[in-house]
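What follows draws every value from the coordinates through simple rules; no lab data is involved. No experiment lies behind these values; they were computed from the predicted model shown. Please note: Cβ atoms are built from the backbone with ideal geometry, for glycine as well, and neighbour counts cover all protein chains shown.
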Amino acid sequence: MNQSVPRRVFLLTLASSGAVLATGAQAQAQAQVDEKDPKAAGLGYVANAKRVDVKKHPKFAVSQNCANCALYQGKPADKVGGCPLFAGKQVASAGWCSAWAKKA
């Protein structure tokens with residue numbers, strides 16, 4: 001009987017670590033924001049800041065991109081990262097939208 005307790009603990013540990021790994025894999029597999037998505041289009045999101053229409057967004061500065069935005073949740077070197085404006089999706093670090101805010 002004493003052998004079943006460690007086995008049960010092992011199986012529970014194995015099951016919970018599998019759930020953690022699945023969650024991590026799911027986070028990595030998040031889709032990127034589509035520029036044609038209504039919310040993205042409303043914010044003027046582009047995956048490459050070099051394509052920002054300056055006539056529509058006169059406050060845009062060439063040095064601005066998602067990687068140096070206060071809302072960007074990825075590391076500056078990452079190609080994509082999370083953004084609270086687009087929950088469940090990732091933005092390109094080279095992208096830009098009208099909600100850009102300078103990192104402190």
Whole-Hz Karplus couplings 3J(HN,Hα) for segment 47-60, θ = phi - 60° and coefficients 6.51, -1.76, 1.60, Gly and Pro as x, run 6, 9, 4, 5, 9, 5, 7, 5, 5, 7, 10, x, 7, 5
Show the residues, 5+ positions off or on another chain, whose built amide H is closer than 5 Å to the amide H of Y45.
S98
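If each residue's Cβ is checked for other Cβ atoms within 10 Å, how do C97, C83 rank with the fewest at the top? Walk me through the numbers before you get to the answer.
On the way: C97 27, C83 22.
Placing the least packed residue first, the sequence is C83, C97.
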Pseudo-spin-label distance A61 to N48, built 7 Å along Cα→Cβ, given in nm, is 2.4 nm
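Can you give the Kirkwood hydrodynamic radius of segment 31-104 from its Cα pairs, in Å with one decimal? Before the final figure, lay out the partial values.
Numbers: mean 1/r = 0.0839 Å⁻¹.
Taking every pair of different Cα atoms in segment 31-104, averaging 1/r and inverting gives 11.9 Å.
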Non-local amide H neighbours of Q90 (under 5 Å, H modeled in plane, Pro and chain starts lacking H): which ones?
A31, Q32, V33
